[in-house]
1. If you take the square roots of the eigenvalues of the alpha-carbon gyration tensor of region 81-126 and sort them as a ≥ b ≥ c, do you get rounded (a/c under 1.5), prolate (a/b over b/c) or oblate?
2. Fewest to most neighbouring Cβ within 10 Å: what's the order for 121, 63?
3. Expressed in nm to one decimal, what extension gain is obtained for the pair residue 108 and residue 72 from 0.36 nm per residue of sequence separation less their Cα-Cα distance?
4. Using the Kirkwood radius over C-alpha pairs as Rh, can you work out the diffusion coefficient of region 49-143 via Stokes-Einstein at 37 °C, viscosity 0.692 mPa s, in µm² per second?
5. At a 10 Å Cβ-Cβ cut-off, how would you order 47, 82, 97, fewest neighbours first?
């Protein structure tokens, strides 16, 4: 295959149908790439991030933190610390995380489903499955936009 003569010094002819040059392709990419990045950043900026920090002591969360509210579409981060090892499960979103003393564990998700969702302790039982604590530690309310 022979390439057509180079129409512009410093440009590399492209061998596919429609021709063009490498410098022309780079110019188009230089225009399109920032537009794509701007759209991505705009979409992220429109998704509010909501962060809650929970401290579990003696198997309980502070009264004022037992019900938290977010809006549908929010980026949610539930950050957990504890005084003893515990496994937590956020129902409705099927997120489970193990929290260890001295560390922070996080549940991160986009609040797509609306409703009330309990966060409960998962306790292993003799049959190899699990049971839940008596009362949810936290109830997450996701309100429609």
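1. Numbers: a/c = 2.81, a/b = 1.49, b/c = 1.89.
Oblate.
2. Ascending number of Cβ neighbours within 10 Å: 63, 121.
3. Here the segment from residue 108 to residue 72 would lengthen by 11.6 nm.
4. 243 µm²/s
5. Lowest count first: 47, 97, 82.
Values quoted throughout were computed directly from the atomic coordinates according to the rules given, and no laboratory measurement underlies them. As the structure is a computational prediction, the values presented were derived from the model and not from experiment. Because the Cβ atoms are built from the backbone with ideal geometry, glycine has one as well, and the counts that use them run over all protein chains shown.
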